[in-house]
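Enquirer: Here's a structure for you.
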Amino acid sequence: MTAKLIDGKAIAKKVREQAAADVADMVAKGYARPGLVTVLVGADPASEVYVGMKQRMCKKLGMESFSHTLPADSTQEEVEALVQQLNEDPKVNGILVQLPLPGHLDDEAVLKAISPEKDIDGFHPLNMGRLAQKGREPLFVPCTPDGCIYLLDEVGVKMEGANAVVLGRSNIVGMPAALLLVKRNATVTICHSRTKNLADVCRQADILIAAVGRVEMVKKDWVKPGAAVIDVGTHRIDDDTKEKGYYLTGDVAFDEVSEVAGWISPSPGGVGPMTIAMLMRNTVRAAQIANGLVEV
Ligand code: NAP
């Protein structure tokens, strides 16, 4: 069997186009453009790249983009005071605090300070709590796992009744991905660093989401024939033979797993583009919530 490719780039483009159309619709009806603010503490080069990408994408889709950069030695009180100020700013619909924060800061307290209505990353404990509860819906879902589910939906992978295995239990990917799959009536197993017989567990999966942060760890013999495999992992591997001096890969050994899986989302070109697209979608939703345009 050769797996069908889940084209994250093409699917993310559709999500972004819909977000841009929703923005245009709001503006045509006289509402303010949705606004996203990024908060960066310190000068981590990777974080600066991510924040820049998000700001450019906002502008491209017709949204307002604001940014705040605080010094790396900012105190907890200073960061939370800025978040509070942004909570009260009507031009700001979505607040994104770029993680990781410098080690001396309590990121949980900072995320908790964000108004749940502006929590476009979906990391506020209230939104995470609702995600974990039966019959409750969060205002926002974390973008990367939301992107995984969107990819599965888009290609018609049935989640209800499926055996799903999530490799990884982080707050930003693995755990919310598992909770989303439960909401979609899958039977979910969550694996982590203490899981025994990992390959055997993964082989039971009709849907396998790999968010483990280990280079090409998921091999061909870990995958049930016909399974849908979503690779969240992102790794930059130095390689002098490449023009850029490196190449990107994921948590899944793509070539060999493609021989057995039914569907596969590659890395790069799968979940990565979905994450930023879902963030844009969440920002539009935050503006719709603020203007009473959607029921929550
Ligand atoms: P993380 O916080 O490091 O979590 C990794 C998870 O994998 C943990 O639950 C850990 O278990 C588990 N794990 C680690 N080594 C393992 C092993 N040998 N066997 C079994 N389980 C193991 O990572 P993350 O933030 O969730 O990110 C995961 C990957 O996704 C990374 O490659 C990251 O770069 C990528 N990512 C991509 C996007 C995107 O937009 N495409 C977004 C976020 C993350 P314990 O809990 O027991 O430690």
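Enquirer: Given (1) within 16 Å of the ligand (Cβ to nearest atom); (2) in contact (Cβ under 8 Å) with a residue 24 or more places away in the chain; (3) surrounded by fewer than 21 Cβ atoms within 10 Å (Cβ to Cβ); (4) more than 17 Å from Leu279 (Cβ to Cβ), identify the lone condition not met by Asp107.
Expert: (2)
Enquirer: Any residue in the stretch 241-250 that is touching a Leu at 6+ places or on another chain (Cβ under 7 Å) and under 22 Å from Lys9 (Cα atoms)?
Expert: Within the stretch 241-250, not a single residue is touching a Leu at 6+ places or on another chain (Cβ under 7 Å) and under 22 Å from Lys9 (Cα atoms).
Enquirer: Conditions: (1) open to solvent by less than 10 Å² (accessible area, probe 1.4 Å); (2) closer than 25 Å to Lys9 by Cβ. Thr144 meets all but one. Number of the miss?
Expert: Result: Thr144 fails condition (1) only.
Enquirer: Would you confirm, using the coordinates I've provided, whether Thr69 is under 30 Å from Trp263 (Cα atoms), over 22 Å from the mean Cα position of the chain (by Cα) and either in the same structural domain as Gly250 (by TED's automatic domain parsing) or open to solvent by 10 Å² or more (accessible area, probe 1.4 Å) (or both)? Show your work before the answer.
Expert: Working: under 30 Å from Trp263 (Cα atoms): no; over 22 Å from the mean Cα position of the chain (by Cα): yes; either in the same structural domain as Gly250 (by TED's automatic domain parsing) or open to solvent by 10 Å² or more (accessible area, probe 1.4 Å) (or both): yes.
It is false that Thr69 is under 30 Å from Trp263 (Cα atoms), over 22 Å from the mean Cα position of the chain (by Cα) and either in the same structural domain as Gly250 (by TED's automatic domain parsing) or open to solvent by 10 Å² or more (accessible area, probe 1.4 Å) (or both).
Enquirer: Please indicate, with yes or no, whether at least one residue in the stretch 153-162 is within 16 Å of the ligand (Cβ to nearest atom) and either without any contact (Cβ under 8 Å) to a residue 12 or more places away in the chain or not assigned by TED's automatic domain parsing to the domain that holds Glu48 (or both).
Expert: We begin by selecting, within the stretch 153-162, every residue within 16 Å of the ligand (Cβ to nearest atom); these are none.
Within the stretch 153-162 (the criterion being within 16 Å of the ligand (Cβ to nearest atom) and either without any contact (Cβ under 8 Å) to a residue 12 or more places away in the chain or not assigned by TED's automatic domain parsing to the domain that holds Glu48 (or both)), the answer is no, since none of the residues qualifies.
Enquirer: Can you tell me which residue within the stretch 259-281, out of those that are more than 10 Å from the ligand (Cβ to nearest atom) and out of contact with any Leu (no Cβ under 9 Å at 6 or more places or on another chain), is nearest to Lys118 (Cα to Cα)?
Expert: Taking the candidates together, the pick is Arg281.
Enquirer: Could you please find all residues in the stretch 110-141 being within 15 Å of the ligand (Cβ to nearest atom) and either touching a strand residue (DSSP E or B) at 6+ places or on another chain (Cβ under 8 Å) or open to solvent by less than 20 Å² (accessible area, probe 1.4 Å) (or both)?
Expert: Filtering the stretch 110-141 for residues within 15 Å of the ligand (Cβ to nearest atom) gives 111, 120-123, 128, 141.
Leu111, Ile120, Asp121, Gly122 - these are the residues of the stretch 110-141 that are within 15 Å of the ligand (Cβ to nearest atom) and either touching a strand residue (DSSP E or B) at 6+ places or on another chain (Cβ under 8 Å) or open to solvent by less than 20 Å² (accessible area, probe 1.4 Å) (or both).
Enquirer: Does the stretch 231-247 hold any residues that are on the phi < 0 side of the Ramachandran plot and more than 10 Å from the ligand (Cβ to nearest atom), and which are they?
Expert: Ile237, Asp238, Asp239, Asp240, Thr241, Lys242, Glu243, Lys244, Tyr246, Tyr247
Enquirer: Which of the numbered conditions does Pro273 fail, given that it passes all the others? Conditions: (1) under 16 Å from the mean Cα position of the chain (by Cα); (2) open to solvent by less than 20 Å² (accessible area, probe 1.4 Å).
Expert: (2)
Enquirer: Select from the stretch 183-209 the residues that are more than 8 Å from the ligand (Cβ to nearest atom) and among the small types (Gly, Ala, Ser) and write down the one among them that is nearest to the chain's Cα centre (by Cα).
Expert: Here the residue is Ala186.
Enquirer: For the stretch 120-136, how many residues meet the condition of being under 23 Å from Gly168 (Cα atoms) and either of a type in the set (Val, Ile, Thr) or not in a helix (DSSP H, G or I) (or both)?
Expert: Number of matching residues: 7.
The values are calculated or read from the model by the stated rules, or taken from the named source; none is laboratory data. Every value quoted in this text rests on a predicted model; they were computed, and no experiment measured them. Here the Cβ is made from the backbone with ideal geometry for all residues, glycine too, and neighbour counts use every protein chain on show. Areas reflect the complete protein model, heavy atoms only, side chains present, ligands, DNA and RNA absent. Shrake-Rupley method; radii C 1.70, N 1.55, O 1.52, S 1.80 Å.
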